[in-house]
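The values are calculated or read from the model by the stated rules, or taken from the named source; none is laboratory data. Computed from a predicted structure; not experimentally measured. All Cβ positions, glycine included, derive from the backbone under ideal geometry; neighbour counts span all protein chains shown.
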Amino acid sequence: MYKNVSIKYALDWTTISLYVILILMGWVSIYGASYNFDQASIFDFSQRAGKQFLWILTAFAIGGVLLLIDSKMYNIFAYFIYVGAVLLLIVTIFVAHDIKGSRSWLVLGPISFQPAELAKMATALALAKFMSAYNYKLKTWKDLIPLALIIFIPLMLIILQNETGTALVFLAFSLVLYREGMQGIVLLIGSFAVVLFIVIIKLSIVPVQVDHGTLGMILGMGLILMVQIIYAIYFARNRQEAFILLLGTVVVAITSYVLNFWFFINYNYVAIFCVVASCIYWMFIELFYRYRKYWFLILFSLGSVIFSFSCDYLFTKVLEDHQQVRIKVLLNMENAPLGAGYNVNQSKIAIGSGGFFGKGFLNGTQTKLKFVPEQDTDFIFCTVGEEHGFVGSVLVLFVYWLLLMRILRMAERQHDPFSRVYAYCVASILFFHLMVNVGMVLGIMPVIGIPLPFFSYGGSSLWGFTILLFTLLRLDAARSERMR
């Protein structure tokens, strides 16, 4: 027998409390970052702290409205919300004004907002709807294709708005797919592609002798061969084949080095030859012994070679000039202390100057003298580090950790797959934002311009994250509204 439980008792008030704590901490940090001696009130609506207060009030109102909606409506209208968000993204491309090189903001009177923030929630709902279908299992590549389309349609539209950083957030949904049954090999391939890209781009400027190839391409091919050897030993469980491949590679490398004294040899071609020859070797074993173990390895290796050749094109032709410079600065390929690296350098100075306990509230010199650009939006965390030091920074990250753990707990206790998948989507998006934003402030991630959830100044991001979280709270409350 079941009885109705009021939503007041069904809500996860711990999560709501953490949400409010983060918002208030962010509001105080925005006040500290944008403090004006002539207009010192935190409620001065002409200043950013005062404006953020209004955004906070509207966010609370939006959250309250979302809690009043019947939880079943989110499931029923999931696809409609997704299609509406996609159409809004398309409209934005054509009607939005150019703001700092991007066309991603819609202006409605005094309000400006980014449809991309709404698209995160809409995509999460669409994924949850599709993956909660009766008897759905994510087991094969065919099952993955429609999910990839759901993710990449808004991602590509946001890229067309020249908001690459926001678009990259949608890659966080891959964590959800992995949790719901996607093979881990997909994540491994993605991770390997990132490592291969970094190695080739970073070391492409390092020559091996003169006109004899680059260290980037040689090490890239070496990574592919290393993966082949590891695969043969640990997955195919055939050490003899792995040893033969290793021995053959060493022989080719030594022979090419010796012959170089008499003939001109490009080591890039030698490295590529080793990979292609290894693929032929695996193909011979596959066909002769019919192991049926190496076709994937062959396709992976050849695909990696093709990707290696495309890295330069992707870097120089696809990425914008300022994005290339940011990556070069991050990889120490270029020193631009007054250019692309200025924000990160000033941010690290601000955080480092805070020491263990910080300089105190409103006493941060780097932030007060406006040395750090975007210090109340994308670089708001440096204000925390300077004014409250290591202790304050750890405290903020601890609250975020508590929130993420609480969301994961909510995800695991859901009986409905729709609510479970959506909860993991929310956790993945928040984790990606937190990791990248704090990472770029510390100089260990590229600067891609995404806000710190519930902390950075701006109504668009605050609304977006509030909608994400409170939709989850409503779905979770439905689980407890009817209980034994």
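Y422 meets all of the listed conditions (1) at negative phi; (2) at pLDDT below 90 but one, namely (2). Scanning segment 105-160 for residues that are basic (K, R) and buried (at least 17 other Cβ atoms within 10 Å of the Cβ) turns up K120, K129.
For every residue, the table says whether it meets (1) closer than 23 Å to F60 by Cβ; (2) not in a helix (DSSP H, G or I).
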residue: Q414; (1), (2): no, yes
residue: A423; (1), (2): yes, no
residue: A427; (1), (2): yes, no
residue: P453; (1), (2): yes, yes
residue: Y457; (1), (2): yes, yes
residue: S460; (1), (2): yes, no
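Scanning segment 117-143 for residues that are of a type in the set (V, I, T) and under 30 Å from L452 (Cα atoms) gives a single hit, T123.
Identify, please: which residue in segment 32-50 is in a helix (DSSP H, G or I) and touching a residue at least 24 places away in the same chain (Cβ under 8 Å) and is, among those, farthest from L403 (Cα to Cα)? In this case the residue turns out to be R48. Just one of the listed residues (P417, P373) is surrounded by fewer than 18 Cβ atoms within 10 Å (Cβ to Cβ) and either free of Cβ contacts under 8 Å to residues at least 60 places away in the same chain or aliphatic (A, V, I, L, M) (or both), namely P373. Please go through segment 303-316 and give me each residue that is without any contact (Cβ under 8 Å) to a residue 60 or more places away in the chain and in contact with a helix residue (DSSP H, G or I) (Cβ under 6 Å, 6 or more places away or on another chain), ordered by number. Answer for segment 303-316, where residues must be without any contact (Cβ under 8 Å) to a residue 60 or more places away in the chain and in contact with a helix residue (DSSP H, G or I) (Cβ under 6 Å, 6 or more places away or on another chain): there is none. Among residues that are hydrophobic (A, V, I, L, M, F, W, C), free of Cβ contacts under 8 Å to residues at least 12 places away in the same chain and either in the same structural domain as F470 (by TED's automatic domain parsing) or assigned to a helix (DSSP H, G or I) (or both), F130 is not included. One residue is enough: does segment 215-234 have a residue meeting the conditions assigned to a loop (DSSP other than H, G, I, E, B) and either in contact with a Phe, Trp or Tyr (Cβ under 7 Å, 6 or more places away or on another chain) or at pLDDT 80 or above (or both)? No, there is no match, as no residue in segment 215-234 is assigned to a loop (DSSP other than H, G, I, E, B) and either in contact with a Phe, Trp or Tyr (Cβ under 7 Å, 6 or more places away or on another chain) or at pLDDT 80 or above (or both). What do you reckon, is L402 without any contact (Cβ under 8 Å) to a residue 24 or more places away in the chain, surrounded by fewer than 20 Cβ atoms within 10 Å (Cβ to Cβ) and closer than 27 Å to T58 by Cα? Against the criterion (without any contact (Cβ under 8 Å) to a residue 24 or more places away in the chain, surrounded by fewer than 20 Cβ atoms within 10 Å (Cβ to Cβ) and closer than 27 Å to T58 by Cα), L402 does not qualify. Has segment 141-151 got any residue that is charged (D, E, K, R) and either on the phi < 0 side of the Ramachandran plot or modelled with pLDDT of 85 or more (or both)? Among the residues of segment 141-151, at least one is charged (D, E, K, R) and either on the phi < 0 side of the Ramachandran plot or modelled with pLDDT of 85 or more (or both), which makes the answer yes. So is L475 touching a Leu at 6+ places or on another chain (Cβ under 8 Å), assigned to a helix (DSSP H, G or I) and on the phi < 0 side of the Ramachandran plot or not? For L475, the condition - touching a Leu at 6+ places or on another chain (Cβ under 8 Å), assigned to a helix (DSSP H, G or I) and on the phi < 0 side of the Ramachandran plot - is not met.
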